[in-house]
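**Student:** Here it is, the structure, as C-alpha cells.
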Amino acid sequence: MNLHEYQSKQLFQRYGVPVPRGTLIAAPEVAAAAAAQLGGSRWVVKAQVHAGGRGKAGGVVLVEDRATLEAEARRLLGTRLATLQSGPDGLPVGSLLVEQPTAIARELYLSLLLERATERVLFMASAVGGMEIETLAAQAPERILLARVHPAVGLQPYQVRRLGFGLGLDGSQIKSLGVLMEGLYRLFVECDASLVEINPLVVTETGELIALDAKVNLDDNALGRHPDLEALRDPTQEDPREAEARAHDLNYISLEGNIGCMVNGAGLAMATMDLVQLHGGAPANFLDVGGGATAERVAEAFKLILSDPKVEAVLVNIFGGIVRCDLIAAGIIGAVREVRVAVPVVVRLEGTNAAQGLQMLAESDLAVETASSLSEAADKVVKAAGRHPGPDAEERGQ
Ligand code: GDP
Ligand code: MN
C-alpha cells in the first residue's frame, strides 16, 4: 500500500525526520487561511497523488501571493494529474499540501528498501539530486552509496559517516544525517515498510538537512498489525478493480493484456499466465480465487474480470483440490446470468467433481468451450481472443 506525501511526512515527523512546515487543504476556499496559518509570503503547493514526477507535470508550484495560491488550488483540485509515473489517465487530485518554501543549496537522494538477496534493510544514497534513481543506477551506478543494516546490531555510526562523507556533508550535517537515518530505519522496521524514499533530501542554504519529498510504501501482508496505517489508505488512488477485489478477499492484479484469467492458487495462476504468453496471448489480470472459493466468490471474481474493457476472452483454470469443481461451475453460471458476457469463455476443470462441473456447464445455455489440458485451454483461449476483438479494440489500434 502506498501513502501520500503528506502522510509519509507525518510519519517522518513522528520519527524525528525533519520536514518543511505544511498543511493539507482539500478546497480552494481554505487556501488563504492555510497560508495565513503557515505565515510567510511564499508557499509551495503540492498535488497529493500516488505518483512521483509531479514537479515536471505542474503538480508542484511555488506561489508568491495568496491570490495565486488560491488560483493554483482551483486549477489542481478536482482534476487528474498525469505524470510520467501515473500512467496516461493520471490520478485524481483530492488534496494539496501547502508548505513553507525551503531555500535549497543541494539536492540529495536517500532511500531504504529491503534487499532480499542479503536479507538486510538497504540504505541507498546519492549526491546526484533531481535525477531518478533508476536512471542513475543505469548510467552511473558508482555514484550510488550503499549501507546494509544488520538486524541484530542496527545502523552503525561508521555507516552513517561513510554515507555522509560520500554525500559531501560536513561534521554537524553528518550528525543530523545519523539522527535522520536512525529515525528512518526505525520507521521502516516498525511500520513494516517496503520502501522509504526521500527525493530530494535537501541541504538548505543554512546547512540543515530536510526531507523535501517523502514516499512510503507499506508491506500489504503486514497491514493486519497496523490498523492506524491501514486507515491511511486512499482508494481514489488505487485501481478500482483491485479495490473491489480486496473487498471480496480476492487476490487480483490488473495487467495489460486481453485474456482474463480466473485460477485457484497463486502458483497455478502464474503457470496459467505463462502458458497464455507461450501460446502468443497476453493476460489481462492475475487472479487467485483462493483454495476455499465459494460459488459467490467465483461469481464476484467473474464479474470483476468482465468489468475490464480490455478483456476479449476468459480462461477459467481450476484444479479442484480443496474447492469442488461443481461449485465453481455454479459460480460461473450464476455470474454469467447476472452480467452479459460478450466474450468467449474457455474452461478447464480438473480434480474433485470435475466431470460434474463440466456437465453443468454443458447443460447450461452458456457458450463455454471446455478443454481437458492446460495447454489446450491456453491455445483455445488465445485463438478465441483473436476471433473476438473486444468492443474497444479499434480505439486501441488492434
Ligand atoms: P515530485 O516531482 O513528485 O518528486 O515532487 P517533489 O516533492 O520532489 O518536488 C519536485 C521539485 O520541486 C523538487 O525536486 C524541488 O526541486 C522543487 N521544490 C519542491 N519544494 C520546493 C521548495 O520548498 N523550494 C524549492 N526551491 N524548490 C522546491
Ligand atoms: Mn520527488
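**Student:** Taking amide H atoms as placed 1.01 Å from N in the peptide plane, list the residues 5 or more away in sequence, or in a different chain, whose amide H sits under 5 Å from that of Met131.
**Tutor:** Close amide H contacts, sequence-distant or interchain: none at all.
**Student:** Contact order normalised by length for region 82-158, with contacts defined as Cα pairs under 8 Å and 6 or more residues apart; what percent is it?
**Tutor:** Numbers: 76 pairs, mean separation 17.2, N = 77.
Relative contact order of region 82-158: 22 percent.
**Student:** If you take all C-alpha pairs in region 26-175, what percent of them are over 24 Å apart?
**Tutor:** Counting pairs separated by more than 24 Å, the tail of P(r) holds 51 percent.
**Student:** So, one more: Fully extended, how many nm does the chain gain between Thr118 and Glu296 (0.36 nm per residue separation, minus their Cα-Cα distance)?
**Tutor:** So the chain would gain 59.8 nm between Thr118 and Glu296.
**Student:** Work the Kirkwood hydrodynamic radius out for the chain: mean of 1/r over every pair of different alpha-carbon atoms, inverted, in Å.
**Tutor:** So the Kirkwood estimate lands at 24.0 Å.
**Student:** Run through all the Cα pairs of region 21-99 and give the fraction in each 5 Å bin from 0, expressed as whole percent.
**Tutor:** 3, 18, 31, 24, 14, 8, 2, 0
**Student:** Follow-up. Could you point to the residue in Gly331, Asn217, Cys261 farthest towards the positive end of the chain's charge dipole, with +1 and -1 charges on the Cβ of Lys/Arg and Asp/Glu respectively?
**Tutor:** Going by the Cα projections, it comes out as Asn217.
**Student:** What does the highest-first list of 243-255, 371-383 look like by mean Cβ count within 10 Å?
**Tutor:** Put in order of decreasing packing, that is 371-383, 243-255.
**Student:** Using a Debye calculation, one point per C-alpha and no hydration shell, please list log10 I(q)/I(0) for region 139-187 at q = 0.21, 0.24 Å⁻¹ in order.
**Tutor:** -0.75, -0.91
**Student:** Using every pair of alpha-carbon atoms in region 236-294, split the distances into 10 Å bins beginning at 0 and state the percent of pairs per bin, rounded to integers.
**Tutor:** 24, 52, 23, 2
**Student:** May I ask which residue of Val316, Leu250, Thr204 lies farthest towards the positive end of the charge dipole of the chain, with charges of +1 (Lys, Arg) and -1 (Asp, Glu) on Cβ and the Cα centre as origin?
**Tutor:** Farthest towards the positive end: Thr204.
**Student:** A further question follows. Which entries of Lys310/Lys383; Lys303/Lys380; Lys56/Lys215; Lys9/Lys310; Lys46/Lys310; Lys9/Lys175 show an alpha-carbon separation above 26 angstrom in the structure shown?
**Tutor:** Lys9/Lys310; Lys46/Lys310
**Student:** Could you tell me the calculated FRET efficiency between Ala137 and Ala222, based on Cβ-Cβ distance and R0 = 25 angstrom, to the nearest 0.05?
**Tutor:** The pair Ala137/Ala222 has a calculated efficiency of 0.40.
**Student:** Within the chain, what percent of beta bridges assigned by DSSP are antiparallel, to the nearest 5?
**Tutor:** So the antiparallel bridges amount to about 75 percent of the total.
**Student:** Let me ask something additional. Which value in deg cm²/dmol, rounded to the nearest 500, describes the helix-derived mean residue ellipticity at 222 nm for the chain, given -39,500 (n - 2.57) per DSSP H run of n ≥ 4 and division by the residue count? Don't jump to the answer; show the numbers that get you there.
**Tutor:** Numbers: 13 runs with 141 residues, N = 398.
After summing the helix terms and dividing by residue count, I get -10500 deg cm²/dmol.
**Student:** Taking the alpha-carbon set of region 239-387, what are its Rg and Dmax in Å?
**Tutor:** Gyration radius and largest Cα-Cα distance of region 239-387: 13.3, 37 Å.
**Student:** To continue, here is another question. Based on the Cα atoms of region 104-230, what semi-axes does the equivalent ellipsoid have, where each is the square root of 5 times one gyration tensor eigenvalue, given in whole Å with the largest first?
**Tutor:** 24, 16, 16
**Student:** Same structure again: Quick one: compute the contact order of region 21-99, relative version, from alpha carbon pairs under 8 angstrom and 6+ residues apart, as a percent. Mind dumping the intermediate values first?
**Tutor:** Numbers: 153 pairs, mean separation 34.2, N = 79.
Dividing the mean separation by the residue count of region 21-99 yields 43 percent.
**Student:** How much length is gained on full extension from Gln85 to Glu256, taking 0.36 nm per residue of separation minus their Cα-Cα distance?
**Tutor:** Length gained, Gln85 through Glu256: 60.0 nm.
**Student:** Find how much the distance from Glu208 to Ala103 grows on full extension, using 0.36 nm per residue of separation minus their present alpha carbon separation; answer in nm with one decimal.
**Tutor:** Stretched fully, the Glu208-Ala103 segment lengthens by 36.8 nm.
Read-outs throughout are calculated quantities, based only on the coordinates presented, and are distinct from any laboratory measurement. A quick note: this is a predicted structure, and the numbers were derived from the prediction, not measured. Note that we place each Cβ from the backbone using ideal geometry, even for glycine, and neighbour counts take in every protein chain shown.
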